[in-house]
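The values are calculated or read from the model by the stated rules, or taken from the named source; none is laboratory data. The model shown is predicted, which means the values in this text are computed figures rather than measured ones. Reconstructed Cβ throughout: ideal geometry from the backbone, glycine too, with neighbour counts over all protein chains shown.
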Amino acid sequence: MRKTRFSLAIMTGIAAATLLGAVAARATSDAFVWKDSKYGYTFSFPDSWGIQTKDTPYTRIRIAGPVNSDWATCSIQVHKDGRLQIYPKRLMTQAVDDTLNRSFWERQVAQHDDAVIRDFIAPASLGGRGDATAIRETFVLNIGHGKRINMYGEQIASIYGKMRYVFACSSKLDQFDKYAPLFGSIMESIQLSPRYAPFATGYYRDFLSDPQLALPRTKPGTIHIKNSYQVEQQ
């Protein structure tokens with residue numbers, strides 16, 4: 001089963017690809033790389049974006065774009081979740097699909113007002129290592145004084161090792177197309193710390209294919225050929 005590169009799946013057409021390339025180039029040349037000292041993962045974002053106050057107890061970092069009126073933000077939440085540690089890596093894709101299913105996402109988006117899941121993607125991949133599922137959603141942001149803003153966002157979640165990672169980006173609905181390439185670039189930059197051995201338990205190297213070992217033909221400490229060395233008879 002092929003995993004979906006969710007963060008790039010939103011881009012279609014040559015124009016979108018061109019825009020992604022332009023934004024990614026700027027992010028590479030003027031990017032801030034952030035590392036979570038507790039959980040070890042890293043990701044990068046434009047240095048013109050600022051770090052905001054955490055919005056939940058599980059939020060590790062929350063960033064916002066430079067144009068306040070666009071309400072463009074991204075965040076990473078990390079939860080302890082060891083439910084899938086019993087599964088070998090080869091079974092994790094299906095295990096994550098079954099665990100981070102649509103019911104999980106319905107609970108996740110309940111933190112937003114009037115949230116509607118517009119698309120559910122499974123399987124997906126986070127950080128090149130974590131099996132994941134993802135969604136696209138619309139919701140309403142209440143900014144106070146009776147003002148409400150229509151929003152569009154993406155979220156991707158992965159259970160990797162004994163942790164659950166949830167990465168989310170959103171902006172005003174009418175500005176999302178402008179931010180979609182950059183959101184994709186930020187998502188693609190996530191790097192999770194290795195949590196699985198490269199080989200399964202019980203893996204044995206094919207030692208029979210090694211070069212033949214050549215043993216010395218002389219007795220240690222001499223230069224005499226072993227076959228010509230004779231013990232003197234008494």
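Structure notes:
- When residues of the range 85-114 are limited to those that are modelled with pLDDT under 95 and among the hydrophobic types (A, V, I, L, M, F, W, C), the one nearest to the chain's Cα centre (by Cα): Met92
- Subset tally (residues that are more than 16 Å from the chain's Cα centre (by Cα) and either surrounded by 14 or more Cβ atoms within 10 Å (Cβ to Cβ) or under 17 Å from Ser185 (Cα atoms) (or both)) for the range 60-75: 10
- Among the conditions (1) of a type in the set (Ser, Thr, Tyr); (2) surrounded by 13 or more Cβ atoms within 10 Å (Cβ to Cβ); (3) over 21 Å from Ile61 (Cα atoms), Ser103 misses just one, which is (2).
- Filtered residues of the range 137-191 (kept if small (Gly, Ala, Ser) and either under 21 Å from Lys35 (Cβ atoms) or buried (at least 17 other Cβ atoms within 10 Å of the Cβ) (or both)): Gly153, Ala157, Ser158, Gly161, Ala168, Ser170, Ser171, Ala180, Gly184, Ser185, Ser189
- Note on the range 49-91: among residues that are in contact with a Gly (Cβ under 8 Å, 6 or more places away or on another chain), not aliphatic (A, V, I, L, M) and not in a strand (DSSP E or B), the one that is nearest to Lys178 (Cα to Cα) is Pro66.
- Scanning the range 52-66 for residues that are farther than 15 Å from Ala168 by Cβ and at pLDDT 95 or above turns up just one, Pro66.
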